[in-house]
Amino acid sequence: MIYACRDKPDIQVKEKVAIVLLSYNSRVYLERFLPFVLKTEYQDHRLIIVDNASGDDTLEFLQKEYPQIDILHIDVNHGFTNGFVESLACIKAEYYALLTSDVEVPPQWLTPLVEAMDEDKKLGACQPKIKAYKERDSFEYAGASGGFMDPFGYMFCRGRIFDHVEKDKGQYDDPLDIFWASGAVFLLRSAVYHQVGGFDNDFFAHMEEIDLCWKIQRAGYGIKVIPKSEVYHVGGSVILYGSTEKTFHNYRNNLIMLTKHLPVDRLIWMIPWRLLLDLVSGFQVLLSGKPKEMGAILKAHAYFWRSFGKWIGKRKEIYSKVPYTELKGIYSKSIVWQFFVQGKKKYSELPGSLSKGE
């Protein structure tokens, strides 16, 4: 059945889990990976594909080949983030398993995630171990075995720091408290999602899941990686890794997120410091012969400052709903210093207490 999102349908999912698969011009990935999703062993679920205003023949393909699958169609694409914002407003279920179209899942992928959430009612979200689809013995860039943040707002993963991706040798197979779960695939407690206000549509794409996880932790719920569940992600299927568009969204959204969440005594020095670090980063890419990437960084900062009042308004809204609390998954040292100066390329080499998720 096809539901039109503009009609705001009330999709009551009787099953425990709604697998919400977001698709945009993804026929090639649906042909390849949808059969794997349909072999999910955990039975108490319902699959809903969200078509985010695709311009290809995705809808025709799904109607012909998979007429039994429910489709929620969005007329106008307002970004990756909006695909979930609009669709999750219509879907009622205990858990949301959010999935992008470029992920291969084995039959048992969902069961360990649901079991973890069932066992710990204060767990707001969890992700599987995410490996690279094309290099299946390696972690995947976007998520690996759990996401972390350093005191200066730089994100990294257990298994991937900056552009250095590790081979998976079972070294990060323990479940762990983390700061953020990857937007490629993760399980959410729906009541918590709606309690904290869901995804922020101004992010458009990139870091929206980190912002959401930050809000979830502020509300007193945890985020974990459950490596017993393992999936394979293509990555960069809509906005390519290394593209100037990705650079723009990453730099801009990181500044927005820090402004929204950091306590004022940290924010007043953090933003100027980040401006300096980002300029240094920009000059580095300029000297390496990438002037367009430098332009993307400057564009990100211009956008951020042009709408600064809006971000302060969002900050006030968040602080009125949930207080700032101590967070798990924050690394106590500068990951930039550890990586570029100390030469610590692997998560396991980092000094500090990250092994405990602190």
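A dipole drawn for the chain from +1 and -1 charges on Cβ atoms has a positive end, and of Ala300, Gln342, Phe139 the residue lying farthest that way is Gln342.
Principal-axis analysis of the Cα atoms of the chain puts helix 208-218 at an angle of about 80° to the longest axis. Need one word for segment 310-349: rounded, prolate or oblate. Basis is the Cα gyration tensor (sqrt eigenvalues a ≥ b ≥ c); a/c below 1.5 gives rounded, then a/b vs b/c decides. It is prolate, given that a/c is not under 1.5 and a/b is the larger ratio. Couplings 3J(HN,Hα) of segment 328-335, computed from phi: 9, x, 9, 7, 7, 10, 6, 5 Hz, in residue order, whole Hz [Karplus 6.51 cos²θ - 1.76 cosθ + 1.60, θ = phi - 60°; x for Gly and Pro].
Working from Cα pairs under 8 Å separated by at least six residues, relative contact order for segment 248-358 is 30 percent. Considering only Ser334, Ser288, Ser26, the mean-square fluctuation computed in a Gaussian network model of the chain, springs between alpha carbons under 10 angstrom, is largest for Ser288. Pairs of Cα atoms nearer than 8 Å and 6+ residues apart set the relative contact order; for segment 123-262 it is 33 percent. 3J(HN,Hα) couplings calculated from phi for segment 51-60 with the Karplus curve 6.51 cos²θ - 1.76 cosθ + 1.60 (θ = phi - 60°) are, in sequence order, 8, 8, 6, 4, x, 8, 9, 4, 4, 4 Hz; Gly and Pro show x.
Couplings 3J(HN,Hα) of segment 174-188, computed from phi: 8, x, 8, 5, 10, 8, 9, 9, 6, x, 5, 6, 7, 9, 10 Hz, in residue order, whole Hz [Karplus 6.51 cos²θ - 1.76 cosθ + 1.60, θ = phi - 60°; x for Gly and Pro]. Taking each DSSP H run with n ≥ 4 as -39500 (n - 2.57) and averaging over every residue of the chain yields -11000 deg cm²/dmol at 222 nm. Of Gly124, Gly222, Gly343, the residue with the greatest mean-square motion in the GNM of the chain, using alpha carbon springs below 10 Å, is Gly343. If you take the charge dipole of the chain about its Cα centre, with +1 on Lys and Arg Cβ and -1 on Asp and Glu Cβ, which of Ala219, Leu267, Gln127 is farthest toward its positive end? The residue sitting most towards the positive pole is Leu267. Would you work out if segment 1-52 is rounded, prolate or oblate? Take a ≥ b ≥ c from the square roots of the eigenvalues of the alpha-carbon gyration tensor; rounded if a/c is under 1.5, else prolate when a/b is larger than b/c, oblate otherwise. Taking the square roots of the gyration eigenvalues as a ≥ b ≥ c, segment 1-52 is oblate. Distant-in-sequence amide contacts of Asp70, defined by a placed amide H-H separation under 5 Å and a gap of 5 or more residues or a different chain, comprise Ile49.
Of the residues Tyr232, Val37, Phe204, the one whose Cα sits farthest towards the positive end of the charge dipole of the chain is Phe204 (charges of +1 on Lys and Arg Cβ, -1 on Asp and Glu Cβ, taken about the Cα centre).
Expressed to the nearest 5 percent, the antiparallel share of DSSP beta bridges inside segment 2-233 is 40 percent.
Taking amide H atoms as placed 1.01 Å from N in the peptide plane, the amide H of Tyr42 lies under 5 Å from those of Leu110, Thr111, each 5 or more residues away in sequence or on another chain. Between Glu41, Glu60, Glu245, the residue with the greatest mean-square fluctuation in the GNM of the chain (Cα pairs under 10 Å linked by springs) is Glu60. Using a cutoff of 8 angstrom between alpha carbon atoms and counting only pairs six or more residues apart, the relative contact order for the chain works out to 18 percent. Projecting label points 7 angstrom from Cα along Cα→Cβ for Trp337 and Ala53 puts them 4.5 nm apart.
Taking Cα centre as origin and charging only the Cβ of basic (Lys, Arg, +1) and acidic (Asp, Glu, -1) residues, the dipole magnitude of the chain rounds to 1160 debye. Students often get this wrong, so check it: of Lys224/Lys328; Lys167/Lys215; Lys92/Lys228; Lys121/Lys346; Lys92/Lys129, which have C-alpha atoms separated by over 21 Å? Where the Cα-Cα span goes over 21 Å, the pairs concerned are Lys167/Lys215; Lys92/Lys228; Lys121/Lys346; Lys92/Lys129. Scanning residues 5 or more positions from Tyr331 or on other chains, those with amide H under 5 Å from its amide H are Met149, Asp150, with H placed 1.01 Å from N in the peptide plane. In this Cβ point-charge picture (+1 for Lys and Arg, -1 for Asp and Glu), segment 1-91 has a dipole of about 200 debye about its Cα centre.
Can you classify segment 138-212 as rounded, prolate or oblate using the Cα gyration tensor, where a ≥ b ≥ c are the square roots of its eigenvalues, rounded means a/c under 1.5, and otherwise it's prolate if a/b beats b/c and oblate if not? Prolate. Annotation: extensible slack from Val280 through Lys346 equals 21.4 nm (criterion: 0.36 nm per residue apart, minus Cα-Cα distance). Each of Trp311, Trp273 has some number of other Cβ atoms within 10 Å of its Cβ, and from fewest to most they run Trp273, Trp311.
Quick note: the coordinates plus some simple rules give every number you see, no bench work behind them. Model, not experiment: these values are computed from the prediction. With ideal geometry, Cβ positions are generated from the backbone for all residues, glycine too; neighbour counts draw on all protein chains shown.
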